[in-house]
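The values are calculated or read from the model by the stated rules, or taken from the named source; none is laboratory data. Note that the structure is predicted; figures quoted are calculated from it, not measured. Neighbour counts are summed over all protein chains in view; Cβ atoms, including those assigned to glycine, are modelled from backbone coordinates with ideal geometry. Areas reflect the complete protein model, heavy atoms only, side chains present, ligands, DNA and RNA absent. Shrake-Rupley method; radii C 1.70, N 1.55, O 1.52, S 1.80 Å.
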Amino acid sequence: MIDDNLDYTSKEEEFGKKIGIDLQDGKITLPLIYTLSRCSEEETDFIRRTVESEPISKEDFFRVVEMIERYQGLRYTWEKAKGCIDRAKKNLQPFPNSREKGALQALADYVLERRL
């Protein structure tokens, strides 16, 4: 889920891959699903046309990103990811403290907070 957000928010030179690839490939990930559930019919039509166009123009991509931000698709996705991380870490609680447990907890935190 965090990777889905990064596809809309990262800079290509930092992310190590082109941004917007999911949208270009027609992948409708959670940030966009959430946005589509809240946007107007006209916006839904624009997103559909954008996803189906090849290639997607930068202008259209950034317009979709603006809609995702406006309808808080990125925030929703982050909160869902955080819920998964919290549950995963809670499931580690019964295990004794160890280097491995600490590594899993740190990895979970890293996944949630990573920017690249």
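I'd like the residue in the range 49-73 that is of a type in the set (Lys, Arg) and within 16 Å of Ile28 (Cα to Cα) and, out of all such residues, is surrounded by the most Cβ atoms within 10 Å (Cβ to Cβ).
Restricting to residues being of a type in the set (Lys, Arg) and within 16 Å of Ile28 (Cα to Cα), the top hit is Arg63.
Surrounded by 14 or more Cβ atoms within 10 Å (Cβ to Cβ) and at pLDDT 95 or above: is that true of Leu23 in this structure?
Considered against the rule, which asks whether it is surrounded by 14 or more Cβ atoms within 10 Å (Cβ to Cβ) and at pLDDT 95 or above, Leu23 comes out as no.
Which ones in the range 94-109 are loosely packed, with under 10 Cβ neighbours inside 10 Å and closer than 30 Å to Tyr34 by Cβ?
Of everything in the range 94-109, nothing turns out to be loosely packed, with under 10 Cβ neighbours inside 10 Å and closer than 30 Å to Tyr34 by Cβ.
Here are some conditions: (1) open to solvent by less than 100 Å² (accessible area, probe 1.4 Å); (2) at pLDDT 95 or above. Glu113 meets all but one. Which one does it not meet?
Going through (1) open to solvent by less than 100 Å² (accessible area, probe 1.4 Å); (2) at pLDDT 95 or above one by one, Glu113 breaks only (2).
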